[in-house]
């Protein structure tokens, strides 16, 4: 087996292991995301704070959209859901769009349900999970055994780590 075949097999095993842990490998092993995270001047926690102008933050993540870094947050307000895009350099809201259908709406409803049971907000949970020298990349609440828990992904050097933080 040559070096290239070994590398391909190793990556396949890592991808399978990450997917088995509930981590989406395509999202959390994106070399572009790893590279572009160095451009972020604001933290996910800053983005969560900025998004409160549009409603209660119910999730947030840095992602690569059309080859560019984006800080996207979901909010809930008055039974409606929005995607809020925060400028990752200035920390100001640059776009707000109502979520009305599809997988995004299903995800927002599920996240809102978890946050209704939470006694800790996402900004506090993300700060509690902060690893020195690492960047928080995403935070998503869910219900596990009837308890609200946030799944928090951090980027430490070139590696992603996912942690669970209780929200109640």
Look at residue 40 and say whether it is out of contact with any strand residue (DSSP E or B) (no Cβ under 6 Å at 6 or more places or on another chain) and within 23 Å of residue 124 (Cα to Cα). yes
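Regarding residue 165, is this residue surrounded by 13 or more Cβ atoms within 10 Å (Cβ to Cβ) and under 27 Å from residue 32 (Cβ atoms)?
Working: surrounded by 13 or more Cβ atoms within 10 Å (Cβ to Cβ): yes; under 27 Å from residue 32 (Cβ atoms): yes.
Taking the combined requirement at face value, the residue satisfies it.
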Taking residue 141 and the conditions (1) in contact with a helix residue (DSSP H, G or I) (Cβ under 7 Å, 6 or more places away or on another chain); (2) in a strand (DSSP E or B); (3) closer than 17 Å to residue 42 by Cβ, which numbered condition does it fall short on, given that it satisfies the others? (3)
Considering 72, 59, 43, which residue is under 14 Å from residue 112 (Cα atoms) and within 17 Å of the chain's Cα centre (by Cα)? 59
Can you name the condition, by its number, that residue 125 falls short on among (1) without any contact (Cβ under 8 Å) to a residue 60 or more places away in the chain; (2) surrounded by fewer than 19 Cβ atoms within 10 Å (Cβ to Cβ)? (2)
When you go through (1) in contact with a helix residue (DSSP H, G or I) (Cβ under 7 Å, 6 or more places away or on another chain); (2) at pLDDT below 95 one by one for residue 156, which number turns out not to apply? (1)
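Quick one: would you say residue 119 is farther than 18 Å from residue 46 by Cβ, modelled with pLDDT of 95 or more and surrounded by fewer than 17 Cβ atoms within 10 Å (Cβ to Cβ)?
Yes; evaluated as a whole, the condition is true for this residue.
Residues checked against (1) modelled with pLDDT under 95; (2) in contact with a helix residue (DSSP H, G or I) (Cβ under 9 Å, 6 or more places away or on another chain); (3) over 17 Å from residue 141 (Cα atoms); (4) surrounded by fewer than 17 Cβ atoms within 10 Å (Cβ to Cβ):
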| site | (1), (2), (3), (4) |
| --- | --- |
| 60 | no, yes, no, no |
| 72 | no, yes, no, no |
| 76 | no, yes, no, no |
| 81 | no, yes, no, no |
| 94 | no, no, yes, yes |
| 98 | no, no, yes, yes |
| 102 | no, no, yes, yes |
| 105 | no, no, no, yes |
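Check every one of the strands (runs of 3 or more DSSP E) wholly within the range 30-110 and list those with 3 or more residues that are closer than 21 Å to residue 154 by Cα.
Values: elements: 56-65, 68-77, 80-86, 93-99.
In the range 30-110, the matching strands (runs of 3 or more DSSP E) lie at 56-65, 68-77, 80-86.
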Given the structure, is residue 131 touching a residue at least 24 places away in the same chain (Cβ under 8 Å), surrounded by fewer than 16 Cβ atoms within 10 Å (Cβ to Cβ) and closer than 21 Å to residue 41 by Cβ? yes
Sort out which residues of the range 111-127 are assigned to a helix (DSSP H, G or I) and touching a strand residue (DSSP E or B) at 6+ places or on another chain (Cβ under 6 Å), and write them in order of number. 111, 112, 114, 115, 117, 122, 125, 126
Looking at (1) modelled with pLDDT of 95 or more; (2) exposed (fewer than 14 other Cβ atoms within 10 Å of the Cβ), which is the only condition residue 113 fails? (2)
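The values are calculated or read from the model by the stated rules, or taken from the named source; none is laboratory data. Bear in mind the structure is a predicted one, so any value in this text is a computation, not a measurement. Every residue, glycine among them, receives a Cβ derived from its backbone with ideal geometry; neighbour counts consider all protein chains shown.
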